[in-house]
Amino acid sequence: MKHISVSETQPLAPYFGGKVRLAKQITRHIADIPHKCYAEPFIGMGGVFLRRPFKARVEVINDINSEVTNLFRIIQNHYQPFMELMQYQLHSRAEFNRHLKTDPSTLTDLQRAVRFLYLQLCAYGGMLRWQSFSVSANRGGKVNMKRLAPMIEKLHARITAIKIENLHYAEFVTRYDTPNTLFYLDPPYVGNEKTYVEKGFTPDDFAKIAELMAGIDGRFILSINDTPAIRKLFARFNISEIDNLYTCNHQQKKVTELLIGN
């Protein structure tokens, strides 16, 4: 079950709850567990998936948010027309508001992918809901194809052979569970459930995940914020602490987070 070396790939845009500071620590834990299939039920923008300097024989990503999975599928199969359409996007508040007001169901899959990436690039903090236009006096426009084009090409090459699903996490885990599967789970953190898609997650899901993972044949790693409720729900598993640094309103705060596994 040797891993296949690959170049690390950067996510195309920020995503609320992304693992910028923790990716290397989590990746080291992933590397220590033998597996043939690597599966992520909550892929987001791929903050851990893409930053691993190795890949498994089989890789599967999933998200309940169809805007996320549509973006990955378009880049996997139609990245050249995607780049052509992206080059006409202007970094401006007016364009941001136009995309924000557009109903994605009225668009083609290609247009939806462009809209989603544009909003993630320009929204404050990589937010998925309650998005507002991000302004910085120290940075230029984020919708810059000179920077984005090589990133999109590299992402296309990295995800060419992966499987992409748009399922509820429980159905995804059940479908891909084998003795040789390693799941990395990065669900919404406690207290942030409503920041994601409404239908996707509730506080009750933490208990459901604990029961689900107790019954799998494969292995798992779950990253989550440190709360008494989480420690109680996942007490049957191995729990380790990792240090993280949160930045909010230009202020940094040291916090402890948890890596949980079987």
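The values are calculated or read from the model by the stated rules, or taken from the named source; none is laboratory data. In this text, all values refer to a predicted model and were calculated from it rather than measured experimentally. Glycine also receives a Cβ, built like all others from the backbone with ideal geometry; neighbour counts cover every protein chain displayed. Side chains are part of the model used for accessible areas, which takes the heavy atoms of the whole protein and leaves out ligands, DNA and RNA. Shrake-Rupley method; radii C 1.70, N 1.55, O 1.52, S 1.80 Å.
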### Task
Pick out, from region 43-131, the helices (runs of 4 or more DSSP H) lying fully within it that include 2 or more residues that are over 30 Å from L222 (Cβ atoms).
79-86, 93-101, 109-122
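With the structure loaded, tell me whether P34 is part of a loop (DSSP other than H, G, I, E, B), out of contact with any Cys (no Cβ under 7 Å at 6 or more places or on another chain) and open to solvent by 10 Å² or more (accessible area, probe 1.4 Å) or whether it fails that test.
Details: part of a loop (DSSP other than H, G, I, E, B): yes; out of contact with any Cys (no Cβ under 7 Å at 6 or more places or on another chain): yes; open to solvent by 10 Å² or more (accessible area, probe 1.4 Å): yes.
Considered against the rule, which asks whether it is part of a loop (DSSP other than H, G, I, E, B), out of contact with any Cys (no Cβ under 7 Å at 6 or more places or on another chain) and open to solvent by 10 Å² or more (accessible area, probe 1.4 Å), P34 comes out as yes.
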### Task
Would you mind stating whether I239 is open to solvent by 50 Å² or more (accessible area, probe 1.4 Å), modelled with pLDDT of 95 or more and over 21 Å from the mean Cα position of the chain (by Cα)?
yes
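Can you find a residue in region 80-96 that is under 16 Å from the mean Cα position of the chain (by Cα), at pLDDT 90 or above and open to solvent by 80 Å² or more (accessible area, probe 1.4 Å)?
Taking region 80-96 and keeping what is under 16 Å from the mean Cα position of the chain (by Cα), we get none.
The answer is no, given that none of the residues of region 80-96 is under 16 Å from the mean Cα position of the chain (by Cα), at pLDDT 90 or above and open to solvent by 80 Å² or more (accessible area, probe 1.4 Å).
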### Query
Out of (1) modelled with pLDDT of 95 or more; (2) open to solvent by 10 Å² or more (accessible area, probe 1.4 Å); (3) not charged (D, E, K, R), the odd one out for F234 is which?
(2)
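Given F72, F54, which one is closer than 18 Å to A13 by Cβ and either under 15 Å from the mean Cα position of the chain (by Cα) or surrounded by fewer than 20 Cβ atoms within 10 Å (Cβ to Cβ) (or both)? Give the derivation first.
On the way: F54 fails: closer than 18 Å to A13 by Cβ.
Step by step, each of F72, F54 is checked, and only F72 is closer than 18 Å to A13 by Cβ and either under 15 Å from the mean Cα position of the chain (by Cα) or surrounded by fewer than 20 Cβ atoms within 10 Å (Cβ to Cβ) (or both).
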### Query
If K2 satisfies every condition in (1) surrounded by fewer than 19 Cβ atoms within 10 Å (Cβ to Cβ); (2) in a loop (DSSP other than H, G, I, E, B); (3) touching a residue at least 12 places away in the same chain (Cβ under 8 Å); (4) not hydrophobic (A, V, I, L, M, F, W, C) but one, which is the exception?
(3)
### Query
Any residue in region 209-218 that is within 17 Å of F183 (Cα to Cα), at pLDDT 95 or above, open to solvent by 40 Å² or more (accessible area, probe 1.4 Å) and part of a strand (DSSP E or B)?
no
### Task
Mind telling me which of the residues R175, R158 ends up being surrounded by fewer than 15 Cβ atoms within 10 Å (Cβ to Cβ) and at pLDDT 95 or above?
R175
